[in-house]
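A short write-up of the structure that comes next.
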Amino acid sequence: MKKTLKIKQSANCRIDLAGGTLDLWPLYLYFGELKLVNMAIDTRAHCELQIAPAKGLEIWIESKDMNTKSRFDSIDELAESLTKPTSINPLRWVNRLAWHFLKSTGVKSGKVSIKTWSDAPPGSGLGGSSVLGIAVAKAFQKAFPKNVGKDLWAIQQTVRDLEAVEIEHPAGDQDYIPALFGGLLSVKLGPYHRSVKRISPSVETKLKSRIAILYTGKPHHSGINNWEIFKNFHEGDDELKKLLQKIFDISAELSAQLEAKNLDNVVDLVNREWELRRRLGTSVDAPVLGEAWTWAQQKLGAVGRKGCGAGGGGSIFFIFKNSAERNRAIKTTPPNSEWKWLRC
């Protein structure tokens, strides 16, 4: 590379309205074609990639969130860092992404700098680590379009598989999809194909104007929460299977309602989905989520709610009757100092 290349990319986090957990491969295959519903939000993850000319290879990985930086002088040294636990190597997830994309794009020399940061608190349930992976992938795609390619589904599967290796648990499909496609989405996942349909922007605007996201200050661990459900399903938990079937059906119904531009039943469907989801595992319905809902319902007038991601803490989103009530709500200081509103 003869000139210094500097690229900034970001990717949207998401809230999941219905169908989550079933996006864990191969859970959705057991039920048929899954239609899950999620929406990109204004909370984002960011990556700054810079490659300057140099005789050898020098790799710098930096996390602004952790105020941590590491240097590597070869791909092999970077690969070696992946064998160390995150307690020693807190940047391992970004290291893994860097290792993959530097290898696949054939970078042999240069001073490579990868700097990342996120608007989402750790463990917020908004897909933060997955979205960070997409931000890094998008930066490399822009720098090396021929090597990375334009197929967004291929990028989604690459980052998903890398994250599954990183967390050593199954990684769901959905977190990466709004980060790549944007908007309010109906996502089809089936045995023979996968596709995404963006719901009408006018429906998205109306729905988003009624939604507020609250971070509870209690991080969750989606891999552990989902693994409990995944394991119990494959060990033959019949009650769990019935719950997942009902979630599957509600997600399909919500998708159809939104595609028909009908918002009348959204609150009811989201509430029903969360009531079922709370029963999926002991780690899903953390007390702090109930406390936040009681406050939002009684003091702010919220009519709907759902824990974000795998539950167990993190964030919860509320639905209000109209945008005016939502706007008043987000100007209200939460009663718990650890709670804070996030951008939707």
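Read-outs throughout are calculated quantities, based only on the coordinates presented, and are distinct from any laboratory measurement. Everything numeric in this text was worked out from a predicted model, so none of it was measured. For neighbour counting, all protein chains shown are included, and Cβ atoms are generated from backbone atoms with ideal geometry for every residue, glycine included.
Cα to Cα, under 25 Å, and not fewer than 8 places away if on the same chain: which lysines meet these conditions relative to Lys150?
Within the straight-line limit of under 25 Å, Lys150 reaches these lysines: Lys2, Lys3, Lys6, Lys8, Lys35, Lys103, Lys108, Lys115, Lys138, Lys142, Lys188, Lys197.
In whole Å and largest first, what semi-axes does the C-alpha gyration tensor of the range 5-195 yield when each eigenvalue is scaled by 5 and square-rooted? Write out the running numbers ahead of the final one.
On the way: eigenvalues 169, 55, 50 Å².
They are 29, 17, 16 Å, listed from largest to smallest.
Length gain on complete extension for the stretch Ser337 to Lys242, per 0.36 nm per residue less the alpha carbon to alpha carbon distance? Don't skip to the end; give the middle numbers.
Details: separation 95, 0.36 × 95 = 34.20 nm, distance 3.85 nm.
Computed gain between Ser337 and Lys242 is 30.4 nm.
Would you mind ranking Glu259, Glu62 so that the residue whose beta carbon has the fewest other beta carbons within 10 Å leads the list? Show your work: numbers first, answer last.
On the way: Glu259 15, Glu62 19.
Listing Glu259, Glu62 from fewest to most nearby Cβ atoms yields Glu259, Glu62.
Output the relative contact order of the chain, whole-number percent, from Cα pairs under 8 angstrom with separation of 6+ residues.
Working: 693 pairs, mean separation 77.6, N = 344.
It rounds to 23 percent for the chain.
For the range 218-327, what does the alpha-carbon gyration tensor say about shape, rounded, prolate or oblate, given a ≥ b ≥ c as the root eigenvalues, a/c under 1.5 as rounded, and a/b over b/c as prolate?
Numbers: a/c = 2.55, a/b = 1.32, b/c = 1.93.
Verdict is oblate for the range 218-327.
Going through the DSSP H helices of the chain, which span 15 Å or more along their own axis at the Cα atoms while scoring at least 1.0 as a mean Kyte-Doolittle hydropathy? Before the final figure, lay out the partial values.
Working: long enough: 92-105 (19 Å, -0.46); 128-143 (23 Å, 0.81); 152-167 (22 Å, 0.31); 222-234 (18 Å, -0.66); 238-259 (32 Å, -0.15); 266-277 (16 Å, -0.31).
Helices passing the filter in the chain: none found.
Points 7 angstrom from Cα along the Cβ direction at Glu80 and Trp153: gap in nanometres?
Going from the Glu80 label point to the Trp153 one covers 4.1 nm.
For the chain, just the Cα atoms, rotate onto the principal axes and tell me the three extents in Å, largest first.
62, 44, 38 Å, listed from the longest principal axis down.
Around Glu58, which amide H atoms from residues at least 5 apart in sequence, or from another chain, sit under 5 Å from its own amide H, with H modelled in the peptide plane?
Gly110, Lys111, Val112
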